[in-house]
């Protein structure tokens, strides 16, 4: 007597589905919305970091030439005119773009401070959890 082919196929199909399914509710599951959000947030973060570093290091010559020119003006006999400054708001010479560079420096410092405080909070939380396990 031959087995019933459709029933056998359905039982095999159910076995294959059972093999690849996982009904454990503790395990994380794939959600395409979360994946899309992670991609978008990652692109925004990389774009923000690029803008911040570009503003700090490249915009109008970057911050370092302005710092070295400023130190030369303060500690040597050189003047602002030696660095191309003719009229304060219009022709700043080597100091053109200093507001953008300084703003980017302040934003970098704020970002680093926020990341440091997040790291410290996570470190303290881990230490508390470790202490509660030992007790």
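The values are calculated or read from the model by the stated rules, or taken from the named source; none is laboratory data. Note that the structure is predicted; figures quoted are calculated from it, not measured. Note that we place each Cβ from the backbone using ideal geometry, even for glycine, and neighbour counts take in every protein chain shown.
Some points to look at:
- Condition met for residue 63 (within 24 Å of residue 110 (Cβ to Cβ), in contact with a helix residue (DSSP H, G or I) (Cβ under 7 Å, 6 or more places away or on another chain) and modelled with pLDDT of 85 or more): yes
- Matching residues in segment 71-89 - criterion: being modelled with pLDDT of 85 or more and under 18 Å from residue 101 (Cα atoms): 71
- A single member of 117, 132, 68 is within 18 Å of the chain's Cα centre (by Cα) and loosely packed, with under 14 Cβ neighbours inside 10 Å, and it is 117.
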